[in-house]
1. For a quick size check, give me the Cα extents of segment 1-83 along its three principal axes, largest first, whole Å.
2. Using unit Cβ charges (K, R positive; D, E negative) and no other charged atoms, how large, in debye to the nearest 20, is the dipole of the chain about its Cα centre?
3. What residue among Gln68, Ile28, Gly16 has its Cα farthest toward the positive end of the dipole of segment 1-78, where the charges are +1 on Lys, Arg and -1 on Asp, Glu, each on the Cβ?
4. Starting from the Cα-Cα distance between Lys44 and Asp67, subtract it from 0.36 nm times their residue separation and give me the gain in nm to one decimal.
5. In segment 15-85, what GluC sites (Glu not before Pro) fall in a loop by DSSP, with at most 15 other Cβ atoms inside 10 Å?
6. Can you tell me the relative contact order of the chain? Whole percent, Cα pairs under 8 Å, sequence separation 6 or more.
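FYI, it's all coordinate maths here, none of it is from the lab. All values reported here derive from a predicted model rather than from experimental measurement. As a convention, Cβ positions derive from the backbone with ideal geometry for all residues, glycine included, and neighbour counts pool all protein chains shown.
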Amino acid sequence: MNITLRFFASVREALGTSQETVVLPAGIGTVGQVRRHLMERGEKWQQALSEQRALRMACKQVMCGPDQEVEEGDEVAFFPPVTGG
């Protein structure tokens, strides 16, 4: 399944990217599973997306929780609770 990832504010700064398209492995079907999958990429990903860190998530530009299902072509975004302009 192909999805687009978007990263904002301090998450973007920590990861050094604002967006990418990824192919998810079989078995990953929720926003929370996407988050955990990305954390497997290494230390900077673990720190930026840690479940201990307060992060907001959105799927298809709608705020969501970790149980939100992800479908082919969706956009999933991660950002801190407060982002400035």
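1. Computed over segment 1-83, the largest-to-smallest principal extents equal 27, 26, 21 Å.
2. Here the chain has a charge dipole of around 300 debye.
3. Positive-most Cα among the choices belongs to Gly16.
4. On the way: separation 23, 0.36 × 23 = 8.28 nm, distance 2.38 nm.
Separation in residues times 0.36 nm, less the Cα-Cα distance, equals 5.9 nm.
5. The qualifying sites are Glu40, Glu51, Glu71, Glu72.
6. Relative contact order here is 40 percent.
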